[in-house]
Amino acid sequence: MAQWIKQARPKEQLVAAADALKNNVSQILLDIEKRGDAAVRELSIKFDGWDRTDYRLSDVEIQECMNALTQREHDDILFAQTQVRRFADAQRKSMLDVEIESIPGVILGHKHIPVSAAGCYVPGGKYPLLASAHMSIVTAKSAGVKNIATAAPPFKGKPAPYIVAAQHMAGADSIYCLGGIQAVAAMALGTESISPVDIIVGPGNAYVAEAKRQLFGRVGIDLFAGPTEVLIIADDSVDGEICATDLLGQAEHGVDSPAVLVTTSRALADDTLRCVAQQLEKLPTSAIAGEAWNNFGEIILCDSFEEMVQISDQYASEHVQIMTRDDDFFLNNLHDYGALFVGPRTNVSYGDKVIGTNHTLPTNKAARYTGGLWVGKYIKTCTYQKVVTDEASALIGEYCSRLCMMEGFVGHAEQANLRVRRYGHKDVPYGTGAI
């Protein structure tokens with residue numbers, strides 16, 4: 001039976017704060033919908049200390065950000081975007097249009113149609129997370145989205161040069177230096193100066209996540225995202241240093257980021273605890289990572305690989321990292337996760353920044369029912385049908401008429417009856433459905 005060597009603290013205290021946040025976001029969204037640009041400007045001044053009459057960056061401003069990059073920085077961004085594009089292009093090629101003749105004369109099919117406009121949010125308040133530009137904009141381009149707007153908050157009082165450069169290099173059509181709820185709402189609802197989009201994607205803080213939740217339905221969204229999560233599955237084939245490094249590497253995202261180790265080795269559990277404490281003494285982001293580890297860090301000791309699979313699927317973590325003697329066992333048996341990182345040679349940071357898979361992933365156990373951001377999130381799969389012979393229309397019509405009458409839909413039945421009369425040369429009385 002699983003034993004918790006270290007357990008996260010209860011989350012009940014977060015409920016009241018969450019309710020207050022929902023109400024606050026709701027009021028802000030209503031204000032932006034009512035007052036448009038004026039409300040957006042007030043919020044930008046209030047939350048980011050950033051005042052402009054037009055938050056869209058000019059070509060000159062974008063070029064200034066590009067010029068701020070060294071050649072190495074430019075090439076590194078290009079390398080990362082190339083990896084993301086290569087994988088996204090392969091995903092798009094896997095999405096085939098379908099057309100079949102289900103019965104003679106009846107043609108059924110579907111087409112994959114990209115949305116017309118996407119709004120890509122790139123967080124950048126605490127850290128300039130330029131990787132999110134690759135994940136959202138490059139993927140939208142691979143999906144075939146024609147109009148891509150993107151927004152990121154100012155960083156240290158001006159547009160973040162790395163983010164802006166990444167947005168531009170990824171192929172954004174319009175770039176806004178705008179953060180938080182005001183950015184997401186402006187792109188989703190539209191204002192006098194910002195055109196509305198069809199889908200909002202990209203991670204963000206709790207306010208951005210709640211804004212996306214409340215806007216869902218007015219626009220599409222990629223997924224409901226909470227604090228980033230990591231769960232490591234490990235046995236005594238690895239040591240505490242690598243486990244501690246990979247746990248804290250994700251815990252530094254935020255003070256509410258869960259970091260969990262699931263292991264069959266008590267020695268590894270103890271070694272990891274020791275190494276976490278040791279690394280927190282020198283990690284520059286220890287104030288954040290340490291609080292996250294103290295409140296949301298866990299170490300769970302299991303009796304078997306099968307029990308580790310069971311625990312991992314219960315957590316349905318955003319990132320699941322596997323470091324064992326038989327990694328393929330977990331690759332073949334795990335069911336609920338956002339993304340897998342298999343073997344000690346890879347890690348979540350690779351996925352976050354450069355390897356090519358998308359880092360916008362489900363949290364809060366949403367991995368039970370959805371995967372992460374990919375080209376398919378930008379694409380509508382739309383069906384069509386054709387009936388190309390008189391005989392097929394009459395045949396389908398007879399079945400349809402009788403089925404409609406089972407439900408009491410006489411008008412529906414008459415749609416079918418009309419085709420039977422016209423194409424089947426049968427004497428079908430109007431409005432009876434009696435075929």
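The values are calculated or read from the model by the stated rules, or taken from the named source; none is laboratory data. All values reported here derive from a predicted model rather than from experimental measurement. Cβ placement follows ideal geometry from the backbone for every residue including glycine, while neighbour counts extend to all protein chains displayed. Note: areas computed on protein heavy atoms with side chains; ligands, DNA, RNA excluded. Shrake-Rupley method; radii C 1.70, N 1.55, O 1.52, S 1.80 Å.
Values computed for the structure shown
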quantity	calculated
Cα coordinate range in segment 288-370, projected on the principal axes (Å, largest first)	32, 31, 28
Binned Cα-Cα distance frequencies in segment 335-435 - 10 Å width, integer %	14, 25, 13, 10, 17, 16, 6, 0
Value of Rg/Rh across segment 287-327 [Cα atoms, Kirkwood radius]	1.03
Overall form of segment 23-111 per C-alpha gyration tensor (a/c, 1.5; a/b vs b/c)	oblate
In sequence order, calculated HN-Hα J values of segment 395-404 (Karplus, 6.51, -1.76, 1.60; Hz; x Gly/Pro)	5, 4, x, 5, 4, 4, 4, 5, 5, 4
Viscosity 1.567 mPa s, temperature 4 °C, Stokes-Einstein D of segment 75-149 from Kirkwood C-alpha radius, µm²/s	89
Pairs beyond 27 Å (Cα-Cα), from 156/365; 156/282; 156/212	156/365
Exposure of residue 381 as accessible area (Å², to 10), given a probe of 1.4 Å and all protein chains	80
Sequence-distant residues sharing a close amide H with residue 380 (under 5 Å, placed H)	113, 115
Cβ crowding within 10 Å averaged over residues, with 279-289, 175-185, 81-91 ranked highest first	175-185, 81-91, 279-289
Nonlocal amide H pairs with residue 220, under 5 Å, H built at 1.01 Å	199, 200
Shape category assigned to segment 72-196 from the gyration tensor of Cα positions, a/c cut at 1.5	oblate
Accessible area per residue in Å² at 1.4 Å probe, computed on the chain	48
Hull volume in cubic angstrom per residue (convex hull over the Cα atoms of the chain)	197
Space enclosed by the convex hull of the alpha-carbon atoms of segment 356-404, per residue, Å³	149
Protection-proxy order for peptides 189-199, 156-166, each taking the mean of Cβ atoms within 10 Å per residue, highest first	156-166, 189-199
303, 222, reordered so the largest accessible area comes first (probe 1.4 Å)	303, 222
By accessible area with a 1.4 Å probe, ligands and nucleic acids excluded, highest first: order of 329, 341	329, 341
Carbon plus sulfur fraction of accessible area for the chain, probe 1.4 Å, in percent	53
Compactness of segment 124-221 as Cα Rg over 2.2 N^0.38 Å, two decimals	0.99
In order through segment 136-153: 3J(HN,Hα) via Karplus (6.51 cos²θ - 1.76 cosθ + 1.60), integer Hz, x for Gly, Pro	8, 6, 4, 5, 4, 4, 5, 6, x, 5, 7, 10, 10, 9, 9, 9, 8, x
Cross-link table 6/353; 126/353; 141/386; 111/377, entries beyond 23 Å C-alpha to C-alpha	6/353; 141/386
233, 103, reordered so the largest accessible area comes first (probe 1.4 Å)	103, 233
Translational diffusion coefficient (Stokes-Einstein; Kirkwood radius from C-alpha pairs) of segment 166-250 at 37 °C, 0.692 mPa s, in µm²/s	212
Under-5 Å amide H pairs with residue 145, H placed in peptide plane, nonlocal only	none
Long-range tail of P(r) for segment 220-370 (Cα pairs > 21 Å, %)	38
Spherically averaged projected area in nm², based on the convex hull that wraps the Cα atoms of segment 227-294	3.8
Estimated vicinal HN-Hα couplings, Hz - segment 49-61 in sequence order (Karplus 6.51, -1.76, 1.60; Gly, Pro = x)	x, 10, 10, 9, 7, 9, 8, 6, 6, 7, 4, 5, 5
